[in-house]
1. Looking only at the stretch 348-371, which residues are polar (S, T, N, Q) and surrounded by 15 or more Cβ atoms within 10 Å (Cβ to Cβ)?
2. As an exercise: evaluate residue 204 against (1) farther than 22 Å from residue 300 by Cβ; (2) surrounded by 19 or more Cβ atoms within 10 Å (Cβ to Cβ) and give the number of the one condition it does not meet.
3. Residue pairs, Cβ under 7 Å, 6 or more apart or interchain, first in the stretch 46-65 and surrounded by 18 or more Cβ atoms within 10 Å (Cβ to Cβ), second among the polar types (S, T, N, Q). List them.
4. If the requirement is being in contact with a strand residue (DSSP E or B) (Cβ under 6 Å, 6 or more places away or on another chain) and assigned to a helix (DSSP H, G or I), which of these qualifies: 286, 192?
5. Give the number of residues within the stretch 290-327 that are basic (Lys, Arg) and either assigned to a loop (DSSP other than H, G, I, E, B) or on the phi > 0 side of the Ramachandran plot (or both).
6. With (1) at pLDDT 95 or above; (2) open to solvent by less than 10 Å² (accessible area, probe 1.4 Å) as the list, and residue 318 as the residue in question, which single condition is left unmet?
7. Looking at the stretch 239-268, which of the residues that are part of a loop (DSSP other than H, G, I, E, B) and touching an Asp or Glu at 6+ places or on another chain (Cβ under 7 Å) is least open to solvent (accessible area, probe 1.4 Å)?
8. Given the residues 450, 412, which is the only one that is polar (S, T, N, Q), at pLDDT 75 or above and open to solvent by less than 40 Å² (accessible area, probe 1.4 Å)?
Amino acid sequence: MDKKQHVSIFTTASLPWMTGTAVNPLFRAVYLAKDEERKVTLVIPWLSLKDQECVYPDKMRFNSPSDQQKYIYQWLEDRTGFPSRFDIRFYPGKLFAAFTLQFSKYKRSILAVGDITEVIPDDEADIAVLEEPEHLTWYHHGKRWKTKFHLVVGVVHTNYLEYVRREKNGQVQAFLLKYINSWVISIYCHKVIRLSAATQDLPRSIICNIHGVNPKFLEIGKKKNEQQQNGNPAFSKGAYYIGKMLWSKGYKELLELLRNHQKDLGGLEVDLYGSGEDSAEVQEAVKKLELTVRVHPGRDHADPLFHDYKVFLNPSTTDVVCTTTAEALAMGKIVVCANHPSNDFFKQFPNCRMYEDDEGFVEATKKALSEEPTPLTDSHRHELSWEAATERFLRAAELDQTPPKRLTKSSSKLFMSTSMDLRRNIEDASALVHFVGTGFLRLQPDKDQSKELGLTSP
């Protein structure tokens, strides 16, 4: 019997923080392991209690990795309806307080400390999936990923360049960041999957949306479809938007559109749901509008409160593939969004209404509110599912081949190869430069983290 593939998925966040890099890798792990054809391990950051206070909502705290592990498995089973068949392991992580182009404590970004490749034993080091490869390799100081694993696949989640451009000296920072990201990803990844063309072009990359939606959203959509087929009103509310309350998360664009076209959109009522650092400013801006716009705290998008809304307004252009847009479509709603590379995947759905400019937004919004959504077909419903997303991932990573395509690990334990291959020599030299440079910045887990994870104390 052939040995099973071992897929190790490394990511930069974990539940109960409801961010994309916590939720999507989690569903990827559960669906990759579902058929038991491969062994799957999800590797997530373990934070000190102090850092947990800054990141996790509702004062949730975990005293041990096993407590957090139990919480994650239960959260998944409540949503998928079947037990998880993958392992969870932890690496030490820290919130980074200093400003460094991408990462800051203000933005609640987590950095790995120490050599996190050591979490996976050498005899299990087959395939590594790096969710946010630029983030995971920026300060990596340890064994080279391509030396440790046969195949390293990076999955690019975040449009960092767009976020950085909105900051002070943004154009200069974006220019530097573009080349630094390309540099570290070329060193550490065999291939890269970009979720959409909204991300920067990267070496050895392809574009493919490998994300799906929580099965609960598809169930909600099925019930709405049944209501429509029975002739019952399925959507009794109008328009809404949900997202972390930051100006860069679509609120700036949405409020500008509403402010500039208040007369054209007379009578429109919009509910905004979100929490975040810019909540107070958003609420102040809303007060200046003549339109009825209500601001509410953030909630789970699957909450029954959202089921009866008919139209989801999402003008954001900083997302790579917007999870809430996919969720709204799965629930059978009409989505009004910008014609932007981040939304290309959604063009196949009849309930997705795209606009090119301000006038297009006004027209699309008014039309969406006057019409009933088109019921999703089984094919469209499948495209939004994690089953389909997993199929797309296996194809994009070339793991669907029989026997699976395997790359050979580097046989050298040194960074400089004796190969005459110029490209390999340049890559090895780059890896050495990065290794030496990160040696001056190397972060280490504190004593409590080392004890909790069973590591040797620094």
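1. Restricting attention to the stretch 348-371, the residues satisfying the condition of being polar (S, T, N, Q) are 348, 351, 365, 370.
Across the stretch 348-371, the qualifying residues are 351, 365.
2. Against the list (1) farther than 22 Å from residue 300 by Cβ; (2) surrounded by 19 or more Cβ atoms within 10 Å (Cβ to Cβ), residue 204 comes up short only on (2).
3. Between residues of the stretch 46-65 that are surrounded by 18 or more Cβ atoms within 10 Å (Cβ to Cβ) and residues that are among the polar types (S, T, N, Q), the close pairs are 46/449; 62/52; 62/68.
4. Working: 192 fails: assigned to a helix (DSSP H, G or I).
Exactly one of 286, 192 is in contact with a strand residue (DSSP E or B) (Cβ under 6 Å, 6 or more places away or on another chain) and assigned to a helix (DSSP H, G or I), namely 286.
5. Matching residues across the stretch 290-327 total 1.
6. Against the list (1) at pLDDT 95 or above; (2) open to solvent by less than 10 Å² (accessible area, probe 1.4 Å), residue 318 comes up short only on (1).
7. Filtering the stretch 239-268 down to residues part of a loop (DSSP other than H, G, I, E, B) leaves 243-246, 250, 261-268.
Keeping just the survivors that are touching an Asp or Glu at 6+ places or on another chain (Cβ under 7 Å) gives 245-246, 261-262.
On the way: 245: 1, 246: 30, 261: 20, 262: 35 Å².
Filtering the stretch 239-268 for residues that are part of a loop (DSSP other than H, G, I, E, B) and touching an Asp or Glu at 6+ places or on another chain (Cβ under 7 Å), the one least open to solvent (accessible area, probe 1.4 Å) comes out as 245.
8. Working: 412 fails: at pLDDT 75 or above.
Just one listed residue meets the conditions, 450.
The values are calculated or read from the model by the stated rules, or taken from the named source; none is laboratory data. Since the model is a prediction, treat every value here as computed from it, not as a measurement. We place every Cβ from the backbone using ideal geometry, glycine too, and count neighbours over all the protein chains shown. Heavy atoms of the whole protein, side chains included, go into the accessibility calculation; ligands, DNA and RNA do not. Shrake-Rupley method; radii C 1.70, N 1.55, O 1.52, S 1.80 Å.
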